[in-house]
Structure formats: structure tokens, C-alpha cells
1. Which residues, counting only those in the stretch A:306-328, are farther than 19 Å from A:Phe33 by Cβ and at pLDDT 85 or above?
2. Going by what's in this entry, would B:Leu169 be described as outside the structural domain of B:Lys368 (by TED's automatic domain parsing) and open to solvent by 10 Å² or more (accessible area, probe 1.4 Å)?
3. Where residues in the stretch A:249-266 are within 15 Å of A:Leu307 (Cβ to Cβ) and within 10 Å of the chain's Cα centre (by Cα), which of them is least open to solvent (accessible area, probe 1.4 Å)?
4. Going through A:Gly80, A:Gly15, A:Gly60 one at a time, which residue ends up being of a type in the set (Gly, Ala, Ser), surrounded by 15 or more Cβ atoms within 10 Å (Cβ to Cβ) and in contact (Cβ under 8 Å) with a residue 12 or more places away in the chain?
5. Kindly check whether there is at least one residue in the stretch B:207-217 that is touching a Ser or Thr at 6+ places or on another chain (Cβ under 7 Å) and over 23 Å from B:Trp144 (Cα atoms).
6. Go through the stretch B:324-429 and tell me which helices (runs of 4 or more DSSP H), entirely inside it, have 2 or more residues that are open to solvent by less than 20 Å² (accessible area, probe 1.4 Å).
7. Condition check: modelled with pLDDT under 90 and small (Gly, Ala, Ser). Does A:Ser269 satisfy that?
8. Filter the stretch A:260-280 down to residues that are among the aliphatic types (A, V, I, L, M) and within 14 Å of chain B (Cβ to nearest Cβ) and give me whichever is farthest from A:Phe129 (Cα to Cα).
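The values are calculated or read from the model by the stated rules, or taken from the named source; none is laboratory data. Small disclaimer: the values here were computed from a predicted structure and weren't measured. Positions of Cβ are backbone-derived with ideal geometry, glycine not excepted, and every protein chain shown enters the neighbour counts. To get the accessible areas, we keep the full protein, side chains included, count just its heavy atoms, and leave off ligands, DNA and RNA. Shrake-Rupley method; radii C 1.70, N 1.55, O 1.52, S 1.80 Å.
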Amino acid sequence: MPEQFLWAMEVMLNGLMAGVLYALVALGFVLIFKASGVFNYAQGVMALFAAMTLVGLQKGQVPFAHLINTIFGTDVHKFGWELAPWLAILLTAGVMVLFAWLVQRFILQHLVNQPDIILFMATIGLAYFMEGFADLMWGADIKTLDIGLPQGVNAWIDETTFNLFGYGFFIDNLDIAATIVAALLVVALVLFSQYTKQGRAMRAVADDHQAALSVGISLRFIWVMVWSVAGFVALVAGIMWGAKSGVQFSLSLIALKALPVLMLGGFTSIPGAIVGGLIIGVGEKLFEFLVGPYIGGATENWFAYVLALIFLVFRPQGLFGEKIIERV
Amino acid sequence: MKLKKLAVATAAMVALGAPAMAEIVFPSLSYRTGPYAANGTPFADGYADYFTLINERDGGIGGEKIRLLECETGYNTEKGVECYESTKGEGAVLYEPLSTGITYQLIPKASADGIPVHSGGYGRTSAANGAVFKWIFNYPTNYWYGASVAIKHILDQEGGDISGKTIALLYHNSAYGKEPIRTLEELAKKHGFSLTLLPVDHPGQEQKSQWLQIRREKPDYVLMWGWGVMNQVAIQEAANIRYPMDHFIGIWWSGSENDVKAAGAKGDGYKALSFHMPGSDFPVFDDIQKYVVDAGKAAGAGDQIGTVLYNRGLYAAMLAVEAARTAQELSGNTRITPAEMRDGMENLDMSEEKMAALGLPGFGPAFKVTCANHGGNGLALVQQWDATAQKWNVITDYIEPDLEVIQPLIEEDSAAFAAENNITPRDCN
């Protein structure tokens, strides 16, 4: 097979894997938008906060250590324990539920039936507050995430493709793990939203807050539930991205990677987030591979948005979004 | 009576609130928040701790206490300019912008205001030409010198011949990352290697395309001009594709502990340039422990001491203090003005004896600043990461850059700047 074709295949496969990672971030946005019509600007910061909390709990870091030491003149930094990854993940999920409750209690509850733009603004404020809070709580240093995720080239794929084509494909084990986790997550979320009472209630709230209230659905409970699930999705995204780069403040910028995915897949569709992620991942990687060398490279960031815009022009509601019908 | 009391209270408040004149004011445009906080914090700590040491141990510079004005920029150019504007009226005698973008913005402003700027190892390379950039200093080295030192190290590794080799430059797609391209293109012509350019967009969390290209094309060496998360991801991706780490060389902003620790054992062998020593095995650190950390006056938690970026901040502060000392000697005043500080910087002589006397023997290269040369001699060394010991080992002596190639580039670029800005170069003879 021609070398160029094999390379393009490899780039495409890696694009699919990268797309899964983008989709993981986009999923959190979709969940909250679906349930409350809120575009949650804080989703990227939630991933950062969740990942920092995970590492902090796992390594036994004392939260707010700098503040405590400054006020009391102490010198405490560590509790002296190291938690098992599963326990740390479980505890972090608990923290994200608590966070969801706090958001509902102190922000959303006061903004019921306010215009969408007000809710959006509230999430901008929340994002910046959380960033500062995370800094105060866990510090700004880069933390190594070590929960046993595999990393590096997958030897089996490398060998098999080499034997077949004379060129070994590079696929990162971390990307394979992310794909499996994302697949499980999506199946669970789809089953939850389609086949459970709470899931149906969530969709009802998304359609109309007041109508949902009138049939006895607790808005508070649904919002806490949705923000909790989105917090858990943020935790998964934070783990996958944090494993690549260490857990640090730039993790909040992964939200930028989710925006074209949302534009393409629609803000209300879980499968849309996945398919959108895959299209963006493959599209940007192939464009960089085929066209990038002729125009100086570094095309991925902007090309993802161009691709999303093209889709937007033809399908404003996104690939899988609900069709927008306004009755007069 | 009430009015009298009010007037007295107001006068007292004004007196307390006004900047004390018997001070030397050094603003620190730091970033302890945002995506680059992990790198900005240790630098800012080192910068602050050295000034605290001078105040606590020596009673200041020539009897004048140092007042540090820290202003948070978030590594954002607009905020950096705001910090400059809000602090320059406080009697600032020197700016350390800690950002190439902010430095570029401050060059015309500080030159017009008559306040010197020091951008050691960053900023506009051609500011090394003091005849054109009267108020800007970038000693002891700059990016073009760095690129040349990296190539010289590769030449050394390859027995002096790199013709036909391929060298890739993985760079942050910004003014900073693009700085070495021109130099590397000239060096490629001179030494006969081919140069592959691989830009990475901010912030650099996703670099799969670039590393697949490196895996396909197998360049003999990869140079990196990265910052922040781009560094950690690049080193992790290099490990993933099993790129030989000892053929992967970063500029000094891609060579801190932060950059390699996330990759764990796989980061072992990665190389980076530096213009000062890593570690805390120098007498001055005993004094920092005694007068700053143990006294509870450290800028941070005290856990960054001896790290690469802490040391770089400390080194920048030490150079500022020595320039201020020189300014005091030249002017005969202890309360120096920005113009006198500039004169001090232009006559700075960092000899090995002076560094040894400061408790920093061999910490940085010996160099002299002159009217014509604001960039020092450009010496840099190569350090290599030992993942087992979790420390950087210095593996070369200080290497001289190829001035034959770089000096004409500096002349050309600074001449273009002078022409654009109607600057008549000073006569430095």
C-alpha cells in the first residue's frame, strides 16, 4: 500500500481517538444544557477542579494548606496517607455532588425562569470563582496524576499493522482507555436519560421548567442530579486529559476543544457529542496532515471551528440536535 | 475642632499611604494564577526571596531598603501593560516583565518613560544592541544565542558534522516560539542540516499531529521552544513514540522540573538549555533559609527553593541588585533614579569573583554589559533530567554562541527597528 495512504490511515485513527477525548468534555456541556438550557461556561473549570481534587485526595494533600499555614503559622501540607485510586475517584465524585448541590442552592435556585443569558453569565462567574477557589484549595503547582492508566504506544497494534502493511501504526494506550471509558459512559447516560424515571424527568425539565414543576417534578433535585452527573463526566475528562499533561490550570482550556464539537453535534444530543467529537477529531487531524504542510501548519485549532461552521450553516441545530420549530 | 482632627488624620493617612522615598522600588510583573501559574509562581518566589534576603541580611542595597511591588499579569499582555502603568508612578527603577509579549509592549513605553527593562533570556532578541535599545537589556543571553548553543551542542554530539541531518523545531505558535526560526535557518545554511518547522497552537494540550509527523520523518534531533502545558505534553508524547530523549533539547523555558515530572520515568534523559545552575548547592541558599524561610518571610511555601525557575527568579533579582549597587557607585547616590539604574545596568560587570562573593560561585556565566552590548555574552549550558534522582544534571560547560551568524542578525533587526521608530542609534564608541 502507498506510504501516504498508510500514514493517512494512522492520522485518521488518531483523529478518532482525539475526537473521543473532545467528546468527553462536550458531554458535560450537553448534559447541563439538555436539563436546564444553560450553556455551562464552567465545564472546563469543573474538569480542572475535579482532577485537582482527585490528586489532592489521593496524595493526602491538606486542602487550603497555604491559607491555614499563613493564618495559624503552622507548616502542614500532607495528611500522610495515600488513597487507592478507586477510593479517591469515589470521594471526588462525592465532592462533585456536594458542588452540584451548592451550585443549585446558591446560584440556580435564585435564577429560575431568568433569561438564558443571565444563567450563562452566572456560569461565567462560577468558572472564575472556581478557578480561584481551586488555586486556594490545592495550589497552582503541576500535579502528576497516577491512577494506573496505561500510556504509550500499543504494541499489539504496532506489530499487527507492521506485519500487515510494513508500517506500524501508533495508537496511544491512553486513547484506547479513554475510548472504552467514553463508550461505557455514553451507553450509561443514554440508558439513564431514556429509560429511567429521573432521566425522563430531566428531559421534561429541559423542555419547560414551569410545566415540569406543575406535574410534580422537583426542579431542585433534577438540577442537583444533572450537575452531579456533569461533574462526574468532568472528572472523567479531567482524568484523561490530566494523565497526558499532568493536572494543571491549563486543563480548564480543554473547554475550547469542546465548542466546535457542540456546534457540530448539537447542544442537546449525547450521541451528537460523540459523533461530533469524532468528526472534529478526524477532520482536524486529516486537514493538518494533508493541507497543513502547505500553509505553515498549526491548523487544528481554527479548522475545527471552520468545520463546525460549515455544519452550522446547513444544520443550525447541529447534526443530532432537536429541530428548531417556532410556531407563530 | 472636628475639622482640625480630620485634617490631622488625613495628613497622617497621606503620610502613611505615600511611597517612602528612601527605597529602591522593583516591580515584579508576576503570574501566580491562570494556565501558566505553575511556572510563574516559582520565578516570582525566587525574585521576591532574594530581595527579602538583601533587606533582612544586609539592610537593603547601600542602606536603601528594597520595596517589591508585585502585580499579577496572568501572563496576559494587556494586564502586564496595566501593571506597568499602575506601578511606574511608585518610583519604579526597573521592570522585569517575565513575558516576551509584555516586553514587546513595554519597549516603546519604558523607553519613552525612561525606565529600564530587563528581559534576561526572553523578550526581543535584538534588544541586545544597546546603541538602539538604550533602555532595554536582555543579558546574559537571548533566544538566538540559545538556538546557536543548541546547534553547537548537537555539533559536539555528532563529531562536528551535521550536514545532511534533520533537525525539527517544535515551537509555541507565538512571537516567542517563532524567535529562533531565523537563526536556525541561517545555521541550517551554514552547517548543511535541514530544518523542519512544527508549530503548536496555544496552549499545546493536543500535539498528536506533530508527534505523528516526528514519528514518520524521524528527525535526528528535536528542538523545543515551548511554555507551560505544551512542554509537559511534548515530553509525554516523545516518550509515547519512543523518541530518544537525549536527542530532544528544549530551550531554557522548556527545562524546569514542572516540564518533566509529569512524564515520570519516561522523561529520563531529556535535555534543556539553561543560563544558570539548577539546585540549591550554593552558599546563598543557606542565607535564604536562615533569613527568609526560617524567619517566615518567604514569598511562597518554601518548597520551590533550588528548582530551575526559582533559581531563575533569584538570578534575575541578584542581577538587579548588583546593577543597583553599580548605579549607586557611579552616581554617588544611594537613592537611585531609573536613569541611574540604567547606567548601573550598562556598566554591570558580573565577574566570577563577584558571584563567589555573593554566595553564588559559578551560578551563572561571567559577563560584562556595555553601551553597545546589552545582551551579555550569550553563554548557556546543557542540563539533562535524571528521572530516578528527580534532578537536573549539568552535562556541559557554558557554551559560546556562534556570534559570526547571530551578530549580523542582531544588527539587521535592530537597524530595522531603529528605522521604523525614527531612532538614531547612539554612538557607543
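1. Of the stretch A:306-328, the ones farther than 19 Å from A:Phe33 by Cβ are A:306-307, A:309-310, A:313-314, A:327-328.
Result: A:Val306, A:Leu307, A:Leu309, A:Ile310, A:Val313, A:Phe314.
2. Numbers: outside the structural domain of B:Lys368 (by TED's automatic domain parsing): yes; open to solvent by 10 Å² or more (accessible area, probe 1.4 Å): no.
So B:Leu169 fails the test.
3. So the first thing to find is which residues in the stretch A:249-266 are within 15 Å of A:Leu307 (Cβ to Cβ), and the list is A:256-266.
From the residues that got through so far, the ones that are within 10 Å of the chain's Cα centre (by Cα) too are A:257-258.
Details: A:Lys257: 35, A:Ala258: 0 Å².
Looking at residues that are within 15 Å of A:Leu307 (Cβ to Cβ) and within 10 Å of the chain's Cα centre (by Cα), I get A:Ala258.
4. On the way: A:Gly80 fails: surrounded by 15 or more Cβ atoms within 10 Å (Cβ to Cβ); A:Gly60 fails: surrounded by 15 or more Cβ atoms within 10 Å (Cβ to Cβ).
Going through A:Gly80, A:Gly15, A:Gly60 in turn, just one is of a type in the set (Gly, Ala, Ser), surrounded by 15 or more Cβ atoms within 10 Å (Cβ to Cβ) and in contact (Cβ under 8 Å) with a residue 12 or more places away in the chain: A:Gly15.
5. Within the stretch B:207-217, the subset touching a Ser or Thr at 6+ places or on another chain (Cβ under 7 Å) is B:217.
Checking which are over 23 Å from B:Trp144 (Cα atoms) leaves us with B:217.
Yes, the stretch B:207-217 contains a residue that is touching a Ser or Thr at 6+ places or on another chain (Cβ under 7 Å) and over 23 Å from B:Trp144 (Cα atoms).
6. Numbers: elements: B:338-346, B:352-357, B:403-420.
Fully inside the stretch B:324-429 and qualifying: B:338-346, B:403-420.
7. Values: modelled with pLDDT under 90: yes; small (Gly, Ala, Ser): yes.
Taking the combined requirement at face value, the residue satisfies it.
8. Applying the first criterion (among the aliphatic types (A, V, I, L, M)) to the stretch A:260-280 yields A:261-264, A:270, A:273-275, A:278-280.
Remaining after also requiring within 14 Å of chain B (Cβ to nearest Cβ): A:261, A:280.
Details: A:Val261: 26, A:Ile280: 30 Å.
Out of the qualifying residues, it is A:Ile280.
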